[in-house]
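First up is the structure itself, then whatever we jot down about it.
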Amino acid sequence: MPRRIGDVEGRDAVASVVRADAATSVDRSTLALAVRYTLQLLAERAPGGTVEVRVPPFGAVQCIEGPRHTRGTPPNVVETDAATWLGLATGSLAWADVRAAGRVHASGQRADLDGVVPVIDAARLA
């Protein structure tokens, strides 16, 4: 199990991305840390193993209560890029909007993050 990212370290990384206003304008290590921290928050907020949320190449977590998946490709997968994920995680993007725009791939009946994101309040980071 990877070490837990500390809240100060994680919030600082997310704040850097939010201040940059685009995930592509911060260095890769800060972007990776922000993604991993917000995925960690998601897994803590919605524990479980029903949905796998992937943000390649930075990380993935299993979350949301329900039937646990143990082998092969999970039946419920959410996958997106770092900028979209951080927008969802901080509340600057809405789940319904990114789904409608095709910015997130969600497969399976339970692959829905509505009501689970945002996981951190971007306004409090500034």
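Numbers below:
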{"item": "Filter result for Ser25 (more than 14 Å from the chain's Cα centre (by Cα), within 30 Å of Gly72 (Cα to Cα) and open to solvent by 10 Å² or more (accessible area, probe 1.4 Å))", "result": "no"}
{"item": "Subset of the stretch 101-111 (residues that are touching a residue at least 40 places away in the same chain (Cβ under 8 Å) and open to solvent by 60 Å² or more (accessible area, probe 1.4 Å))", "result": "Arg110"}
{"item": "Candidate set from the stretch 59-91 (those that are of a type in the set (D, E, K, R) and over 19 Å from Arg103 (Cα atoms)); member that is modelled with the highest pLDDT", "result": "Glu65"}
{"item": "Per-region count, the stretch 44-89, residues among the β-branched types (Val, Ile, Thr) and open to solvent by less than 20 Å² (accessible area, probe 1.4 Å)", "result": "8"}
{"item": "Subset of the stretch 34-43 [under 16 Å from Asp81 (Cβ atoms) and either open to solvent by 10 Å² or more (accessible area, probe 1.4 Å) or without any contact (Cβ under 8 Å) to a residue 12 or more places away in the chain (or both)]", "result": "Arg36"}
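The values are calculated or read from the model by the stated rules, or taken from the named source; none is laboratory data. These figures come from a predicted structure and were not determined experimentally. Glycine also receives a Cβ, built like all others from the backbone with ideal geometry; neighbour counts cover every protein chain displayed. Areas reflect the complete protein model, heavy atoms only, side chains present, ligands, DNA and RNA absent. Shrake-Rupley method; radii C 1.70, N 1.55, O 1.52, S 1.80 Å.
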